[in-house]
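Chemist: My structure is below; once you've seen it, I'll send some questions.
Just so it is clear, none of the values below were taken in a lab; they were calculated from the coordinates. This is a predicted model, so every value here is computed, not measured. Don't worry about glycine lacking a Cβ; one is built from the backbone with ideal geometry, like all the others, and counts go over all protein chains shown.
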Amino acid sequence: MLGAVALTAHATTPARALDGARVPALVIGTGYGGAVAALRLAEAGVDVHMAEMGMAWDTPGSDGKIFANTIRPDVRSFWLRTRTRQPLSNFLGFPLDKDVPRHTGILDAEEFGGITVYQGRGVGGGSLVNGGMAVTPRREHFAAVLPTVDAAEMYGTYYPRANAGLGVSTIDPDWFETAECYQYARVGRKHAQRSGFPFVFVPDVYDWEYMKREQAGTATRSALAGEILYGNNHGKRSLQQTYLARAKATGRVTISPLHKVTSVAPAPGGGYTVTIDQISTSGDTVATKELTADKVFFAAGSVGTSKLLVKLRATGALPRLNGEIGKGWGDNGNVMCGRANHMWDATGALQSSIPTAGIDNWAAGGAFAEVAPLPTGIETYASFYLSITKNPHRAEFSWNTAAGRAELNWQTAWKQPSIDAAKTIFDKINAKEGTIYRTDLFGTYKIWGDHLTYHPLGGAVLGKATDGYGRLHGHPGLYVIDGALIPGNTSVNPFVTITALAERNIEKIIAADL
Ligand code: FAE
């Protein structure tokens, strides 16, 4: 039953009193950029405090589980909404969304005019809710995205460092051939190859040995129980198990969950005054705290960092931020679709929620499509895909003074290049297989999931809003270290690139500024 899971009190009290404190480094947000910054600063002997607006996600609910199941959203699932907003809104003619109690749940479906942006909320950021697909882009694509960054250094040092720190590995190909839970991916491969498309395995941070045991029935199921969007209770190496665990083990890092940064402004005696609202699990402010930080790292994610920075510039808190703030935002070209297979191409009732394979048509058609699961527990004869495409459109965040909120000027029609790119793959496969697109997944008679992104990128682009290492122009001691640095596209799933770039930038910042 929705909302029936009772939650015990989550840790909301920081390890030490924040109000009035002075800290050497304050990190806003605990996703990839924030976790890398915290670990490396702490290893360099700097005490770090992290403010995170979401919950700690370290305490089980009354069902004994920390995270809710994707098939049964409950109070834990969504960030401060009264109705779920699932990426797949319909199935076989039935709407899937349901009422839920308003709560600081794990998945934010943040709505702007033309797009819903999905983001993770809590200690671990997007790593709590994502598929763990850990893809290093092709070197030539990286060079096109961030031409000012030395690619030799990235591929020689920082991508390997990020992959090791995140615990990335690839599925055992022999097991893939026989595992019941990847029948859907094998069907996806067959169809891709019959149409002449390159098919590639996608690395992941999920523990593949654990998944083998799930399939064998010797471990509690997580990926094989449909867990993903609202967190995985087992198997996935989120930042809680990797970078953040190592950061905490240094003894120099403290984290305050349910603490939302609302302002950063120069402090009279040097450094920055940071204003933080402590919120309850229903989203109400219960205390407002002020501390002083020598250095502030914006790691609130592309959307969170951009929203804060456009506000701080417009309201005069950080007046010397430049005109590039808020610009260069893109959706990584995300678009989803499903295909209806013939009855002889069953995709399996048991599907691992962790995708492991993709169709690479980037060079020819500007699309990289993941073969995604549809873990409904029943045979659907559907193939489902998330495409990452080369979409040229870039939006801008701005501060609406009258409404007191940040706005994004993305337009739904801007997804058309993404749809066209995805069609270079799926029109061909449909023609070859004699199949059709599903029209029941995103509404009634709607083929394309073109209303959303999981991969917000940009808004404080490297080398534009910041210098070549993320130092914000105009205010020394302020840094951007998250997905906001990347100008709207990475050609693949973004978190390995966000992590590697953060590794590169923090190394330079520690050497030069601290
Ligand atoms: P992020 O991880 O979003 O962390 C930012 C943190 O800051 C969050 O915890 C926020 O709650 C917090 N925050 C925001 N504002 C404030 C504030 N004012 N005060 C305090 N805290 C604040 O940022 N990427 C992949 O590479 N592979 C995948 O398989 C994949 N699957 C995805 C699936 C889903 C459903 C979603 C939502 C995303 C997925 N992504 C995937 C994207 C990936 O998770 C995302 O690019 C990174 O998490 C972004 O990392 P950042 O460090 O930029």
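Chemist: What angle do you read, to the nearest 10 degrees and between 0 and 90, between the alpha-carbon axis of helix 416-433 and the longest principal axis of the chain?
Modeler: Orientation of helix 416-433: about 20 degrees from the principal axis.
Chemist: Separate question: Quick one: if the Förster radius is 30 Å, what FRET efficiency do Ala164 and His141 give, using the C-beta to C-beta distance and rounding to 0.05?
Modeler: 0.85
Chemist: Please name which of Ser398, Gly113, Thr497 has its Cα lying farthest along the dipole of the stretch 15-513 towards the positive end, using unit charges on Cβ (Lys, Arg +1; Asp, Glu -1) and the Cα centre as origin.
Modeler: Ser398
Chemist: Related question: Any idea which of Gln416, Val202, Ser256 is furthest toward the positive side of the dipole for the chain, if Lys and Arg beta-carbons carry +1 and Asp and Glu beta-carbons -1?
Modeler: Working it through, the farthest residue towards the positive pole turns out to be Gln416.
Chemist: Counting only helical runs of four or more DSSP H residues, what would the 222 nm mean residue ellipticity of the chain come to if each run contributes -39,500 (n - 2.57) and the total is spread over all its residues? Display every interim value, and only then the final one.
Modeler: Numbers: 11 runs with 116 residues, N = 514.
Calculated mean residue ellipticity at 222 nm is -6500 deg cm²/dmol.
Chemist: How would you classify the stretch 15-513 from its alpha-carbon gyration tensor, with a ≥ b ≥ c the square roots of the eigenvalues: rounded for a/c under 1.5, else prolate if a/b is greater than b/c, otherwise oblate? Could the numbers behind the result be given before it?
Modeler: Numbers: a/c = 1.63, a/b = 1.52, b/c = 1.07.
The shape class here is prolate.
Chemist: Want the number for Asp284 to Ala249: 0.36 nm per residue separation, take away the alpha-carbon distance, what's left?
Modeler: 9.4 nm
Chemist: Hey, can you grab everything whose amide H is under 5 Å from the amide H of Glu370? Only 5+ residues off in sequence or another chain; H modelled, so Pro and N-termini drop out.
Modeler: Under 5 Å from the amide H of Glu370: Ile359, Leu386, Ser387, Ile388.
Chemist: Follow-up question, since we're still on this one. For the chain, the longest stretch holding no chymotrypsin sites (Phe, Trp or Tyr not before Pro) located in a DSSP loop with at most 11 other Cβ atoms within 10 Å is which?
Modeler: 1-343
Chemist: Extending each Cα 7 Å along its Cβ direction at Arg405 and Thr59, get the distance between those two points in nm, one decimal.
Modeler: Result: 2.9 nm between the two label points.
Chemist: Provide the net charge surrounding Ala431, with neighbours chosen by a C-beta distance below 12 Å and charges set as Lys +1, Arg +1, Asp -1, Glu -1.
Modeler: +3
Chemist: Could I ask something else about it? Let me check I've understood the local charge: for Ile276, count other residues with C-beta under 13 angstrom from its C-beta, Lys and Arg +1, Asp and Glu -1. What total comes out?
Modeler: -2
Chemist: Okay, moving on. May I ask for the net charge around Tyr182, where only other residues with Cβ less than 14 Å from the Cβ of Tyr182 are counted and Lys, Arg are +1 while Asp, Glu are -1?
Modeler: -3
Chemist: Quote the relative contact order of the chain in percent (integer), defining contacts as alpha-carbon pairs under 8 Å separated by 6+ residues.
Modeler: On the way: 1298 pairs, mean separation 114.2, N = 514.
In percent, rounded to a whole number, it is 22.
Chemist: Taking 7 Å along the Cα-to-C-beta vector as the label spot, tell me the Ile436-Phe199 distance in nanometres, rounded to one decimal.
Modeler: Reported label-point gap for Ile436 and Phe199 is 2.5 nm.
Chemist: What lysines sit close enough to Lys236 to cross-link, taking a C-alpha to C-alpha distance under 30 Å and skipping anything fewer than 8 places away on the same chain?
Modeler: Lys65, Lys98, Lys190, Lys212, Lys248, Lys260, Lys307, Lys390
Chemist: At 7 Å along Cα-to-Cβ for each site, give me the label-to-label distance between Ala363 and Asp427 in nm.
Modeler: Between Ala363 and Asp427, the label points sit 2.2 nm apart.
Chemist: I need the phi-derived Karplus couplings for the stretch 184-194: 6.51 cos²θ - 1.76 cosθ + 1.60, θ = phi - 60°, integer Hz, Gly and Pro marked x.
Modeler: 4, 6, 5, 5, x, 5, 4, 5, 4, 5, 5
Chemist: Something else about it: Any chance you could run the full-extension gain for Trp175 through Glu111? It's 0.36 nm times the residue separation minus the Cα-Cα distance, nm to one decimal.
Modeler: Values: separation 64, 0.36 × 64 = 23.04 nm, distance 4.01 nm.
Fully extending the segment from Trp175 to Glu111 adds 19.0 nm.
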